[in-house]
Amino acid sequence: MKLNRQKKKAAPKITDGPIPEHIAIIMDGNGRWASRRGLPRTAGHAAGSEVFRTIATYCKNIGLKYLTVYAFSTENWKRPASEIEAILGLLDKYLREAVEKMERDGIRLALFGDLAPLGDSIRSLIRQTEEINERIEGFQVNLCLNYGGRDEIRRAAAAFARDCVDGVRRPEELTEEMFSGYLYSKGIPEPELVIRPSGEQRISNFLLWQSAYSEFYYTDLLWPDFTPSEIDRAIEAFRKRERRFGAV
Ligand code: FPP
């Protein structure tokens with residue numbers, strides 16, 4: 001009997017090509033996902049937080065360096081109190097898990113946003129994650145929490161002005177690079193790719209400074225339906241873009 005020795009060609013993997021260093025995601029569509037199932041909006045956020053865990057692990061495994069996600073904006077306080085409570089509850093739960101597992105999993109966690117109005121529990125967990133970060137190298141998740149792009153720029157401008165008043169800086173010496181050092185994202189490369197699911201095609205006050213030259217990828221999928229294959233599709237689309245940074 002003749003054996004068929006011909007090997008089946010392995011399907012190409014996303015890691016066969018270049019992977020961006022930094023991807024940012026607006027996790028949108030949780031509410032619609034829930035409504036379509038006759039569930040409360042909070043069920044959509046719970047499903048979305050599970051998808052976030054899956055996607056963060058996947059991004060780490062394919063060799064991404066930074067994943068930035070929009071979890072709660074400065075505008076989200078306008079939502080009903082029960083929904084705000086549910087989202088902050090999910091974040092509290094995730095931070096608790098992170099404190100337990102981030103060292104084992106090799107995931108650094110940074111928080112972007114005005115953390116002052118958040119409860120003691122969340123702020124204490126964040127302090128713990130900061131201490132654990134000191135012992136971890138490599139992949140980092142940036143969680144945008146009570147974050148707004150304009151608010152971030154306003155704070156940076158105020159901090160720079162304060163340094164000028166204190167005589168540490170002079171207005172004439174301000175460069176874009178120096179200004180970046182006053183943002184939450186200090187020292188982190190700008191995202192090459194920003195992904196927004198749910199069919200909306202706007203920036204919604206997310207990483208306004210940092211996304212100046214980012215490529216955008218939109219999909220109609222709602223965030224709780226988002227999968228690692230969609231990250232692959234976004235990276236494949238990104239690879240086909242010609243990035244000119246204002247040049248010809
Ligand atoms: C946008 O969907 C989503 C949010 C405002 C909250 C995102 C929060 C999570 C995914 C949970 C956070 C938890 C972790 C652990 C990161 P939407 O509610 O605006 O959806 P809609 O546009 O369909 O109403």
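The values are calculated or read from the model by the stated rules, or taken from the named source; none is laboratory data. Bear in mind the structure is a predicted one, so any value in this text is a computation, not a measurement. Positions of Cβ are backbone-derived with ideal geometry, glycine not excepted, and every protein chain shown enters the neighbour counts. When the accessible area is computed, the model is the full protein with side chains, heavy atoms only, and any ligands, DNA or RNA have been set aside. Shrake-Rupley method; radii C 1.70, N 1.55, O 1.52, S 1.80 Å.
Figures for the structure shown
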quantity	calculated
Loop sites in the stretch 167-235: GluC sites (Glu not before Pro), DSSP, at most 13 other Cβ within 10 Å	200
List 202, 196, 243, 41, ordered by accessible area with a 1.4 Å probe, largest first	202, 41, 243, 196
Sites matching GluC sites (Glu not before Pro) across the stretch 11-84 that sit in DSSP coil, with at most 14 neighbouring C-beta atoms within 10 Å	75
Accessible-area value, residue 27, 1.4 Å probe, nucleic acids and ligands omitted, Å²	40
Spatial separation of Cα centroids for the stretch 183-215 and the stretch 124-155, in angstrom	16
Exposure of residue 184 as accessible area (Å², to 10), given a probe of 1.4 Å and all protein chains	70
Separation of the residue 36 and residue 114 label points, Cα + 7 Å toward Cβ, nm	3.5
Among 111, 39, 207, residue whose mean-square fluctuation peaks in a GNM of the chain (springs only between Cα atoms under 10 Å)	39
Linear extension gain, residue 242 paired with residue 103, 0.36 nm per residue minus alpha-carbon span	46.3 nm
Model label zone, residue 137; criterion: amide N under 15 Å from point 7 Å along Cα-to-beta-carbon; scope the stretch 94-125	106-108
Residues of type lysines that residue 101 reaches as a straight line, Cα spacing below 18 Å, ignoring anything fewer than 8 places off in the same chain	60, 93
Solvent accessible area, Å² - residue 94, 1.4 Å probe, full protein context	30
Residue 150 versus residue 77: modelled label distance in nm, points set 7 Å from Cα along the beta carbon direction	1.4
Exposure ranking of 245, 206 by accessible area [1.4 Å probe, largest first]	245, 206
Length released on extending from residue 65 to residue 92, taking residue separation times 0.36 nm less the Cα-Cα span	7.3 nm
Carbon + sulfur, % of accessible area of the chain - ligands and nucleic acids excluded, 1.4 Å	50
Point-charge dipole on Cβ atoms (K/R +1, D/E -1) for the stretch 1-148, about Cα centre, debye to 20	1240
Probe 1.4 Å, all protein chains present, accessible-area order of 8, 13, largest first	8, 13
Accessible area per residue in Å² at 1.4 Å probe, computed on the chain	56
